[in-house]
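As structure tokens, the structure follows; a few thoughts come after it.
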Amino acid sequence: MNYKTANSASGAALGLLIASVIFAVLAVVVKEAVAVPDIDADRADARSQALAQIRTNETACLANVGWADEARGLVRLPIDSAIRIAAQKWQNPAAARADLNARAEAAAAPAPAAAPKPSAFE
């Protein structure tokens, strides 16, 4: 074996090892130095705000009286009030059943047609 070829081969291996270590150190330094923001950070904030708004609206709808569909005459009641009214009405089951059927038919009926808009050319 020739010492010249052995020294050049070991020198190449040593150079490759040093270059690899330098590359790894630089990669770690760059990773620690550069702060990359999360891709969906702003989206997560928007989603949490939207969820909070939805929950606020749901709570308001469950706790307050309001129109569910004014055209059909459907009213939204708080749960406690609805249970109390149902308990009072179901003291007489036959009358309550007839009233329930009438209200169900009224709720399932198609909404009244809106008046046609006058033509802009008239």
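Here mean projected area of the Cα convex hull in nm² was computed from the coordinates, and among [x] 7.5; [y] 23.7; [z] 11.4 the match is [y]. Applying the criteria of a DSSP loop state and at most 14 other Cβ atoms within 10 Å to the GluC sites (Glu not before Pro) of region 1-82 yields Glu70. Please determine, in degrees from 0 to 90 and to the nearest 10, the orientation of helix 41-63 with respect to the longest principal axis defined by the Cα atoms of the chain, where the helix direction is its Cα long axis. Between helix and principal axis, roughly 20 degrees.
Restricting things to Cα coordinates, could you compute the convex hull volume per residue of region 80-122 in Å³? Mind showing how you got there, number by number?
On the way: hull volume 4.3 nm³, N = 43.
So the per-residue Cα hull volume is 101 Å³.
In this structure, the amide hydrogen of Arg76, modeled 1.01 Å from its nitrogen in the peptide plane, lies closer than 5 angstrom to those of Gly66, Trp67, Ala68, counting only residues at least 5 positions away or on a different chain.
Here the 3J(HN,Hα) profile of region 100-115, calculated from phi with Karplus coefficients 6.51, -1.76 and 1.60 at θ = phi - 60°, is 5, 5, 5, 5, 5, 5, 5, 6, 7, 5, x, 5, x, 5, 6, 5 Hz, Gly and Pro shown as x.
Return the calculated 222 nm mean residue ellipticity for the chain, to the nearest 500 deg cm²/dmol, obtained by summing -39500 (n - 2.57) across DSSP H runs with n ≥ 4 and dividing by the residue count. Mind dumping the intermediate values first?
Working: 4 runs with 81 residues, N = 122.
My calculation for the chain gives -23000 deg cm²/dmol from helical runs alone.
Remark: the Leu77-Cys61 segment gains 4.9 nm on full extension, using 0.36 nm per residue and subtracting the alpha carbon distance.
Output the Kirkwood hydrodynamic radius of region 46-106, Cα pairs only, in Å rounded to one decimal.
Working: mean 1/r = 0.0730 Å⁻¹.
About 13.7 Å, per the Kirkwood formula over Cα pairs.
Throughout, read-outs are computed from the coordinates displayed, never taken from laboratory work. A quick note: this is a predicted structure, and the numbers were derived from the prediction, not measured. All Cβ positions, even for glycine, are placed from backbone atoms using ideal geometry, and neighbour counts span all protein chains on display.
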